[in-house]
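**Student:** Sharing a structure, written as structure tokens. Questions coming.
The values are calculated or read from the model by the stated rules, or taken from the named source; none is laboratory data. Just so we're clear, the structure is a prediction, and the values are computed from it rather than from any experiment. Cβ: placed from backbone, ideal geometry, glycine included. Neighbour counts: every protein chain shown.
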Amino acid sequence: MAEKSTEDEGERAGVRGPLADLTAFRLIKLGDLIYAEAQRTLAPLGLTPRLFHVLAGAASMDAPSQQDLARTLGFDPNVMVGVVDELERLGLAERARNPRDRRRYIVAPTEAGTARLAEAAQAVREAEDRLMSAIPAKDRAALHRASALLLAAHPGTVKTE
């Protein structure tokens, strides 16, 4: 009986097929949905989810190098170079010599980058609230905790292209 209930929930959610009863498959579908919403939310601000992620990382870390950002955010270092190049082209971040190690460069948001990041962070929070509005607050908290447990159980296994 429980299987039918789970199947019915999947049908109502638009998740069909032989994998619809797998939680991991549903999480993949949710990831697709969330990524698409992030793209829609950030596009009017001239950002992509990837640019937003790196800009937020640069703003939250103490004088990160490209390598520090790549390692912390789970990006391939070669991809990080292009992302930082794009943030520089947009005037949202800059590379500067690290005053503690003149051989290295740090990545830092510009004034415009800090302002855009604040705007984008607010827009993303609002989008998340809309997206999660069907879930009661206590269930949102449980989902947040469960996702943290899963991510902690598999650290460093997901790399961004």
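**Student:** Can residue 58 be described as over 24 Å from residue 130 (Cα atoms), in contact with a helix residue (DSSP H, G or I) (Cβ under 9 Å, 6 or more places away or on another chain) and touching a residue at least 24 places away in the same chain (Cβ under 8 Å)?
**Tutor:** yes
**Student:** Out of all the residues in the stretch 109-141, which are under 24 Å from residue 86 (Cα atoms) and in contact (Cβ under 8 Å) with a residue 24 or more places away in the chain?
**Tutor:** 109, 113, 114, 116, 117, 119, 120, 121, 123, 124
**Student:** While we're looking at this one, here's another question. Name the pairs: first residue in the stretch 20-39 and under 15 Å from residue 126 (Cα atoms) and in contact (Cβ under 8 Å) with a residue 40 or more places away in the chain, second residue among the β-branched types (Val, Ile, Thr) and surrounded by 13 or more Cβ atoms within 10 Å (Cβ to Cβ), Cβ to Cβ under 7 Å, at least 6 apart or on different chains?
**Tutor:** Between residues of the stretch 20-39 that are under 15 Å from residue 126 (Cα atoms) and in contact (Cβ under 8 Å) with a residue 40 or more places away in the chain and residues that are among the β-branched types (Val, Ile, Thr) and surrounded by 13 or more Cβ atoms within 10 Å (Cβ to Cβ), the close pairs are 38/124.
**Student:** Considering only the stretch 145-160, how many residues are surrounded by 11 or more Cβ atoms within 10 Å (Cβ to Cβ), free of Cβ contacts under 8 Å to residues at least 60 places away in the same chain and of a type outside the set (A, V, I, L, M)?
**Tutor:** Summing the residues that are surrounded by 11 or more Cβ atoms within 10 Å (Cβ to Cβ), free of Cβ contacts under 8 Å to residues at least 60 places away in the same chain and of a type outside the set (A, V, I, L, M) in the stretch 145-160 gives 1.
**Student:** Being closer than 21 Å to residue 131 by Cα and outside any helix (DSSP H, G or I) is the filter; apply it to the stretch 10-24 and report the residue that is modelled with the highest pLDDT.
**Tutor:** 20
**Student:** Please specify each residue of the stretch 65-96 satisfying the condition of being touching a strand residue (DSSP E or B) at 6+ places or on another chain (Cβ under 6 Å) and in a loop (DSSP other than H, G, I, E, B).
**Tutor:** 65, 74
**Student:** I've got another one for you. Out of the stretch 97-116, which residues are surrounded by 11 or more Cβ atoms within 10 Å (Cβ to Cβ) and in a loop (DSSP other than H, G, I, E, B)?
**Tutor:** Correct list: 110 only.
**Student:** Let me ask something else. For the condition surrounded by 11 or more Cβ atoms within 10 Å (Cβ to Cβ) and closer than 17 Å to residue 34 by Cβ, what is the one hit in 75, 52?
**Tutor:** The match here is 52.
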